[in-house]
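Notes follow the structure.
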Amino acid sequence: MVEPVWKKYLTDWNEGLGVVYERFVLNDYLDQLVDTHHLQTVLEAPVYGMAGVSGINSVRLAERGCDVTLVGNNRERLEGIRNIWERLKLPAKFVRQPDLKQLPFADNHFDLTWEWAGLWYLPDAEQLLKELVRTSRKLVFVAMPNNIQVGYLLRKYVIDQDFFTTIDERWVDISRIKKILTDSGVLIIDEGVLDVPPWPDTVMPAAEVLKRLGINSKKLNNQFTGEGWTWSTMAYYLGEQPELREQVMKYAWLDHAPIPWQLKTIWAHHRYVLGHVTT
């Protein structure tokens, strides 16, 4: 029996350049939300979606002093995430909820509820979105893979067509997400793209992409997959690689380019929407 990929990353924290970059640009956006909206309480549900180490998307929010609650539906995975947060010496609440259609929290309980790139794995993502709205008193933030960027299209039509039989691809449609949020009483206050490095995103490990394309380049494998390099956000958080952010963010020139986000869409890895709860 093949073990789920996430199990590897509970102990092996070498995520690859692409995932570490994704975390750093996401952290910058989360910093903006904390600074602008004075966030104190945060719910992330569910805790999976991003590749690499499970359950550390909200670490930056905890570092900023937010009271973080993490929801997952797999006991073993959630326990592994708890162990990771203990290693980081950061407080968080861990809630196992087998049915993500109903979250065990009161209405208007959190300043921010959010989800990163996991909707297409859920059996009822629409209800999860409604629950994120119900449990928030300020903001709801949702992001999904960008389905028009070149790496996504490469995976879908060339290198991994089977993957798209395992997910619900309707949830990459940001307009669909926006409609559910607005119908539930959310005013959209921001939308755009995040994670726009100078390489495509196939939503799969870079080593596997190179292999399926028949590219046998030791240099490329070394840089993107960690052979000879360690790309680990955990090492950065633990103070073991304080130079990592500087190494990685030198690639962020397109993310930071002062051009309309719509022009970045062909290369951006994720689309996002941010709303303010009005009811």
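Only the coordinates and a few stated rules stand behind these numbers; no lab work does. Predicted, not measured: the structure shown is a model, and the values here were computed from it. All Cβ positions, glycine included, derive from the backbone under ideal geometry; neighbour counts span all protein chains shown.
Some observations on this one:
- Taking 1.002 mPa s as the viscosity and 20 °C as the temperature, the Stokes-Einstein diffusion coefficient of the chain based on its alpha-carbon Kirkwood radius rounds to 112 µm²/s.
- The chain, relative contact order [Cα under 8 Å, separation at least 6], %: 24 percent
- Normalising by residue count, region 83-166 has a Cα convex hull of 151 Å³ per residue.
- Calculated FRET value between K8 and D168, using beta carbons and R₀ = 22 Å, to 0.05: 0.35
- Rg over Rh for region 125-175 works out to 1.10, using Cα positions for both radii and the Kirkwood form for Rh.
- In loop segments of region 11-89 as defined by DSSP, the trypsin sites (Lys or Arg not before Pro) with at most 14 further C-beta atoms inside 10 Å of their C-beta are K89.
- For a modelled paramagnetic label at I266, 7 Å from Cα along Cα-to-Cβ, the residues of region 143-186 in reach, with backbone nitrogen under 17 Å, are 146-154.
- In terms of the mean number of neighbouring beta-carbon atoms within 10 Å, the peptides 231-239, 168-176 order highest first as 231-239, 168-176.
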